[in-house]
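Rule-based calculations on the coordinates, nothing more; no lab input. Model, not experiment: these values are computed from the prediction. Quick reminder, even Gly has a Cβ in these numbers, built from the backbone with ideal geometry, and neighbours come from all protein chains shown.
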């Protein structure tokens, strides 16, 4: 989602009684109990003082075993009679995980690299200045031509499309019709054709699914706004009085209704009212929407927006146990609907510590912001320590292969701005990203060094295919190109073997073809130079040593040591997969130990190396 307010909230009164936590959040009382005895504790009366201030989520809360795949959820009734206009009473939430922890099954994601596309800015096929699905189809060979023996394409085997459903905005995060492709982008049949053409090339298609809120222009909201007796009234969150608190970023979360003297909840802004996922009908609708895109239109999975704010609990507006419970149910539903579906969640600015509660039994994977931030800092400042620590921490705390590193996305200033246009810094960051464990994501244009800073529109400008706007559209582009587009574009970099684009091509093809890079284990190494990070990646017999010199100067005689690894004892040759020079032979001791190994006499500044270790 965009970097603006987060999600719903409601005034909450919490009483702690032996074995029972009772929360009055305006939507009726929520009961969290560890035993039936707790539920039958002496009665406690809690008055609901904030009518209508229920909590909503970006995905639905299923109360039906058939719909959600697992449930012990029942609607809790308040001990005291709630006001008549309260939304649906909150379901009972089980605090502990209710599903068995799972390891990510083997699948296409094992050796994948995902490429984020803003369809509006990628390629315009009809000259109206707006990118469209048919334009994306025409450019699929740039992303992956389906021939692994040719490396003129990027080689990415997954695309994540920013929202494409019907919307009144340029960005699409405020939906007015969840069942139709936005007319500026094409039709549902165009999307089906995109999926078919992508699959021919080995590309999976992930959709940005926005379930937390709708547009204020959505017929659901208009009906709820204008007719208090409407069945859809309870699909949103209402309060007779302003609850008086703001969203997590200090912005207004409760908005004055234009129809009458009341307030509705929209954590991002007034034009995006939050849905009320404590209403089982809203959950059912979210399930229907998801099944439609998976089974009717053929999508391979979803990127789920801003999931830490799905269901607030009063003033607690992120990471609630209600959110975790809903995600468990939602994933169970998706697995029943399409067993090979893939899900990735956005928890903005997440560290390994904040991500940990979203495992082991919720979505498949999540974006790992912290590792990318530390990687950018290392490339910027030449010190590897914080990057190595963040990477080691993520590998230790998060389940294997179930987190996704990236540099920047559509909500953040483009990474080349962080580097001040320094291509060498961009290259070492790219090398770091595409040698990490997990499923790497990259933002369109990152591979050529596109720039862009806030506001968001300037981070999402048209793809710079050539030094002429004709490379993107035959008409007037919806947004002006960046000022450097005549110097920074695909056409210029395409045939330059030293270009950033061709380094990305090389790295992506390595990631998707080398098992050790795609899904191999990770073992951090110690380097004798503070500007150098090194680690081993290994999958069976495929073993690689990655060495990254973030420093601004050559690093001389850097010694690399590993106390223990999966490498078998013996002598190895170090064949270069990235970099021209063969590494020195190395000897591995018992337990996979490596002591003071110097791969090269000198490591070039801002340069990464990948050595294949062969006995």
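Just rank 468, 300, 145, fewest to most, by other beta-carbon atoms within 10 angstrom.
Ordered by Cβ neighbours within 10 Å, fewest first: 468, 145, 300.
In whole angstrom, note down how far apart the Cα centers of the stretch 138-169 and the stretch 542-615 are.
First find each Cα centre; the distance between them is then 34 Å.
Divide the volume of the convex hull of the Cα atoms of the stretch 397-513 by its number of residues and quote the answer in cubic angstrom per residue.
119 Å³
Using a 7 Å offset from the Cα along the Cα-to-Cβ direction at both residue 179 and residue 528, what is the distance between the two label points in nm, to one decimal?
6.9 nm
Determine, from the Cβ-Cβ distance of residue 281 and residue 486 and an R0 of 60 Å, the FRET efficiency 1/(1 + (r/R0)^6), rounded to the nearest 0.05.
That gives a FRET efficiency of 0.65.
May I ask for the Kirkwood hydrodynamic radius of the stretch 429-483, worked out over all distinct Cα pairs and given in angstroms to one decimal?
When all Cα pairs of the stretch 429-483 are included, the Kirkwood radius is 12.9 Å.
What FRET efficiency would be calculated for the residue pair residue 257, residue 541, taking the C-beta separation as r and a Förster radius of 60 Å, to the nearest 0.05?
0.40
Between residue 336 and residue 556, how high is the FRET efficiency from 1/(1 + (r/R0)^6) when r is the Cβ-Cβ distance and R₀ = 45 Å? Nearest 0.05.
0.15
Is any residue of the stretch 557-581 close enough, with backbone N under 17 Å, to a label point placed 7 angstrom from the Cα of residue 396 along the Cα-Cβ axis, and if so, which?
Residues passing the 17 Å test: 562-565.
Quick check: Cα centre of the stretch 285-326 to Cα centre of the stretch 445-509, how many Å?
Centre-to-centre (Cα) distance: 33 Å.
What value does the stretch 269-427 have for Rg/Rh, both radii from Cα atoms and Rh as Kirkwood defines it?
On the Cα set of the stretch 269-427, Rg over Rh gives 1.02.
Modelled label-to-label distance, residue 453 and residue 468, 7 Å Cα→beta-carbon offset: nm?
3.2 nm
Where a ≥ b ≥ c are the square roots of the eigenvalues of the C-alpha gyration tensor, would you call the stretch 513-553 rounded, which needs a/c under 1.5, or, failing that, prolate if a/b is larger than b/c, or oblate?
Cα axes put the stretch 513-553 in the prolate bin.
Below 8 Å, C-alpha to C-alpha, sequence gap of six or more: please give me the relative contact order for the stretch 521-614 in percent.
Computed over the stretch 521-614, the figure is 33 percent.
For each of 246, 308, count neighbouring Cβ atoms within 10 Å of the residue's Cβ, then give the residues from fewest to most.
The most exposed by this proxy come first: 246, 308.
Just want the ordering: 303, 233, 582, 331, from fewest to most Cβ atoms lying within 10 Å of their own Cβ.
The most exposed by this proxy come first: 582, 233, 331, 303.
Let me understand the stretch 521-614 better: what is its radius of gyration from the alpha carbons, and its Dmax, in angstrom?
Just the Cα atoms of the stretch 521-614 yield Rg and Dmax of 12.0, 35 Å.
Quick check on the stretch 210-267: take the gyration tensor over C-alpha atoms, sort the square-rooted eigenvalues as a ≥ b ≥ c, and tell me if it's rounded (a/c under 1.5), prolate or oblate.
In terms of gyration-tensor shape, oblate.
Using the basic label-point model (7 angstrom from Cα toward the beta carbon), what is the residue 389 to residue 498 distance in nanometres?
Taking the simple label geometry, residue 389 and residue 498 are separated by 3.6 nm.
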